[in-house]
Amino acid sequence: MPARGKGSKRARENAVEDDEAAVGDFVRLTNVDENLARRRMRAANGDLARALDAHYAIESVVSARARGISTTTTKAKGVDDDAKGVDDAFDDAIRRARAMNYFDIDGEGFYRSIPLSEEAEAFCGDAFAAFGDVVARNTTWMDSGFRAAPASVDGRDGARGTKENVPKCRCGMQAKVKQVSKDGVNQGRLFYGCAKPAAENTRCDFFAWAKGDNLMHTDAAKSLVWKRFSSPRFKFARRTSAADIRQGSVGDCWFLSSLAVVAEREDLLESVIGVSRRFAPIMERVGAYFIRLFLGGRWRAIVVDDFIPVKPKKDDEFAPAFGKASKNQTWVSIVEKAYAKAHGSYAAISGGYVAEGLHDLTGSATEMISFSSTYFDSEEFWVRLVSFSSAGFPLGCATSFSAEGIVGHHAYSILEVREMHGVKKGVQTKLPEVLHGKKPAVETEMLRLLKIRNPWGKKEWRGEFSSTSASWTKRLGDELSRTRANDGEFWISYNDFLVHFSSVDVCKSPKGWHALNLETTLHPDVHRSYIVRSAGDGGCWCHVLLLQHTKRGRPQGSWYTDLSVLVWRRSLGSSEWMPCGGIFGARERESCQGEIVLDAGTEYAFRVLSIVGGRDVPVTLRLCTAKPVRARQMYESAMLNVAQNMQLAVHGETSLTGGSKFKRSNIALCGGVVT
């Protein structure tokens with residue numbers, strides 16, 4: 001066998017003729033120098049997509065090692081390296097979706113709960129089977145339900161006016177578009193009013209509905225360009241990491257912060273993007289993506305195309321206007337687009353609570369804890385916060401003012417919560433101590449720290465334990481994987497956190513739990529009740545959620561009714577129902593939530609009602625439980641003593657926790673006082 005020449009490797013590399021255009025694309029997309037770009041392209045035999053994948057894979061490993069993160073990776077379930085393997089796996093998934101049936105009734109007439117990890121697949125099985133028809137056409141798909149047009153940005157459907165059509169108010173000024181905020185049949189509708197500031201007493205009372213010929217699209221919506229984000233330049237997901245998420249110009253930091261903390265839990269993210277990630281080559285081929293979101297009391301499938309609104313820049317014509325992911329990934333933009341489509345427009349998802357986003361991405365119970373609450377106890381809350389973090393619950397937080405690098409009225413993600421004992425903090429050495437060769441005395445102490453992330457991917461806390469703080473020691477920095485990069489992630493002490501943040505949002509989504517949805521419609525003359533039993537031995541913890549459709553993006557007179565649930569219990573085999581109390585709420589938001597322990601050998605009766613008499617309101621009673629449960633409609637509900645149960649709930653003697661607190665007041669009457 002002839003000896004291999006020393007230059008044979010270089011000869012083989014150069015055998016692949018450089019494609020100057022592809023090399024230029026690689027440099028522009030990755031910001032690397034031309035020599036490295038040529039090496040990457042040669043290693044991939046001139047295939048730009050393969051070269052980009054390999055480059056980002058190497059960069060991810062290097063970045064992870066620098067941050068002290070394990071670089072062990074696993075391939076997403078169901079993905080095969082060859083296109084045929086992916087197509088076969090997709091066909092198998094479609095067949096399973098058509099055959100599955102999670103909602104059979106057992107011999108006693110009970111519905112059974114579903115594991116939370118399988119619930120999204122169960123509810124969206126029919127939609128996924130229908131999605132198979134889109135893929136079967138094997139042509140590039142365009143979404144006619146959410147067009148690449150200004151209306152999808154500003155939500156002004158039917159707007160076709162010009163400046164000449166905009167009416168003038170009685171002050172002679174061009175009238176200003178406003179929105180009806182009061183609950184009622186016109187809630188959310190656009191109208192023209194006086195353009196003068198509200199503080200001016202000279203404002204006129206001009207009014208005219210804004211629609212059709214006299215309604216214009218916003219300048220911001222008209223300035224955006226829509227482009228297809230297709231392969232090989234873009235991939236749905238090279239990896240899915242919270243660190244890759246970047247917020248755009250729409251005010252949905254609350255939603256992207258929610259997505260960032262959900263991305264820390266693989267099982268939760270799988271419910272949202274699992275199908276599109278698993279079959280990414282197929283999705284990229286047809287330009288259609290299958291996203292699952294928990295909306296209106298159940299998991300729903302949202303299909304969107306790969307048209308994304310962009311703000312073209314001089315050096316990049318593919319700069320997303322809104323949310324995006326680094327390394328030319330599209331999964332963040334696609335999830336955000338699906339959420340915007342579900343609510344009618346990008347404008348509709350501007351402004352919200354982190355808790356709302358967490359619920360819509362997981363279907364789990366959420367809790368917003370305000371630091372200004374009368375009942376807030378910082379020591380008790382720290383214990384709860386550590387417990388939430390240890391359980392893997394997604395956590396978000398919000399601010400109310402700006403200071404020390406913290407952005408006011410902004411949402412952040414909580415990535416870690418740490419309590420450390422016997423730790424020495426770094427101390428800034430003073431000049432006299434340096435001159436006299438003295439070292440400052442440092443005592444060990446207990447530290448409480450939180451790792452926070454800004455969805456902007458930049459702008460960090462500048463106080464103690466910031467990236468450049470003198471409080472860091474080498475040992476402490478190594479243990480907490482401290483970095484100096486301005487990537488939006490930072491550490492902050494618990495005391496500073498309480499000062500500069502105003503609330504924390506918790507998503508109560510324990511692993512291994514189950515869920516059961518009981519859907520009904522409120523009517524003053526019909527009161528639905530349900531019997532709930534444990535499906536096995538032993539009792540379990542239960543999160544109780546009462547859910548109605550959100551008003552977000554629904555401008556046609558939609559408003560919330562109050563929702564309440566009363567609960568009774570009895571031993572199996574007994575005929576006497578004992579009241580347990582109830583929870584009340586959902587006057588201002590779409591949900592009412594509480595918790596209860598379901599004991600072994602006991603069955604429970606749940607009754608959903610509206611105190612003010614909500615009519616024809618679709619409502620879901622959702623039970624998230626630590627163990628499987630069963631439920632059926634109760635037909636002998638006349639046996640339940642509502643008045644007795646209401647009395648327990650009003651006086652705070654209920655077995656359920658959560659919901660709204662009753663405000664008690666004394667009313668003076670002739671001859672006495674009534675409470």
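Give the shape of the stretch 443-505 as rounded, prolate or oblate, defined through the alpha-carbon gyration tensor: a ≥ b ≥ c are the square roots of its eigenvalues, a/c under 1.5 means rounded, and otherwise the shape is prolate if a/b is larger than b/c and oblate if not. Because a/c hits 1.5 or more and a/b fails to exceed b/c, the stretch 443-505 counts as oblate.
Ordering 40-46, 158-164 by mean Cβ neighbour count within 10 Å, with the highest value first, yields 40-46, 158-164.
A simple rule links phi to the HN-Hα coupling: the Karplus curve 6.51 cos²θ - 1.76 cosθ + 1.60 with θ = phi - 60°, which for the stretch 193-208 gives x, 4, 7, 6, x, 5, 6, 7, 7, 8, 5, 8, 9, 4, 8, 7 Hz, with x for Gly and Pro. For the listed peptides 241-253, 566-578, 99-111, a ranking on the average number of other beta carbons within 10 Å per residue, highest first, reads 241-253, 566-578, 99-111.
Using the Cβ-Cβ distance between ALA470 and SER230 with R0 set to 56 Å, the FRET efficiency from 1/(1 + (r/R0)^6) comes to roughly 0.70.
Ordering 85-98, 369-382 by mean Cβ neighbour count within 10 Å, with the highest value first, yields 85-98, 369-382. Other residues whose C-beta falls under 12 angstrom from the C-beta of GLY488 contribute a net charge of +1, scoring Lys and Arg +1 and Asp and Glu -1.
Taking 13 Å as the straight-line reach from the Cα of LYS196, the aspartates and glutamates in range (excluding those fewer than 8 positions away in the same chain) are ASP205. Note on ARG39/ALA136: beta-carbon distance plugged into 1/(1 + (r/R0)^6) with R0 of 45 Å gives a FRET efficiency of 0.65. In the complete set of protein chains, residue-level accessible area for LYS341 is approximately 60 Å², probe 1.4 angstrom. Extension gain, ASP377 to ILE611: 0.36 nm times the residue separation minus the Cα-Cα distance gives 81.0 nm.
Reported to the nearest whole Å, the Cα centre-to-centre distance from the stretch 209-256 to the stretch 591-622 is 38. Under 11 Å from the Cβ of GLY158, count the other residues' Cβ atoms, weight Lys and Arg +1, Asp and Glu -1, and hand me the total. Summing Lys and Arg as +1 and Asp and Glu as -1 gives +1.
The values are calculated or read from the model by the stated rules, or taken from the named source; none is laboratory data. Just so it is clear, the model here is predicted, and its values are computed rather than measured. Positions of Cβ are generated from backbone atoms using ideal geometry, with glycine treated the same way; all protein chains shown enter the neighbour counts. Note: areas computed on protein heavy atoms with side chains; ligands, DNA, RNA excluded. Shrake-Rupley method; radii C 1.70, N 1.55, O 1.52, S 1.80 Å.
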